[in-house]
Amino acid sequence: MIFETFLEGKSFNQISEMLKEKGYKTKKGNTEWSPQSVGRILKNEKYKGDVLLQKTYVSDLFKKTVKR
């Protein structure tokens, strides 16, 4: 729901207010949502689906150079 409302054009403040009004709880069980926590959720690579495994690799086995 957070992602859908963000794509509709709502700001972090508007989303956090909506979550408070509906009574959704945070990870810690609070009903107070901050705009920063909404922003962290939207930027989290695991929630977005942008998780990259093996972020580094060895390009040359003999020189042992590591690349991103």
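Restricting attention to segment 54-67, does a residue exist that is aromatic (Phe, Trp, Tyr) and more than 18 Å from residue 2 (Cβ to Cβ)? So that I can check it myself, show each step before the final result.
Taking segment 54-67 first, the residues aromatic (Phe, Trp, Tyr) are 57, 62.
Subsequent filtering for residues that are more than 18 Å from residue 2 (Cβ to Cβ) retains 57, 62.
For segment 54-67, residues aromatic (Phe, Trp, Tyr) and more than 18 Å from residue 2 (Cβ to Cβ): present.
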Say whether the condition of being on the phi < 0 side of the Ramachandran plot, part of a helix (DSSP H, G or I), open to solvent by less than 50 Å² (accessible area, probe 1.4 Å) and out of contact with any helix residue (DSSP H, G or I) (no Cβ under 6 Å at 6 or more places or on another chain) is met by at least one residue in segment 43-63. no
In segment 19-42, anything among the hydrophobic types (A, V, I, L, M, F, W, C) and either touching a residue at least 40 places away in the same chain (Cβ under 8 Å) or open to solvent by 40 Å² or more (accessible area, probe 1.4 Å) (or both) is listed as 42
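The values are calculated or read from the model by the stated rules, or taken from the named source; none is laboratory data. Since the structure is predicted, the reported quantities are computational estimates derived from the model, not experimental observations. In this analysis, Cβ positions are derived from the backbone assuming ideal geometry, glycine residues included, and neighbour counts consider all displayed protein chains. These accessible areas exclude ligands, DNA and RNA; they are computed on the full protein's heavy atoms, side chains included. Shrake-Rupley method; radii C 1.70, N 1.55, O 1.52, S 1.80 Å.
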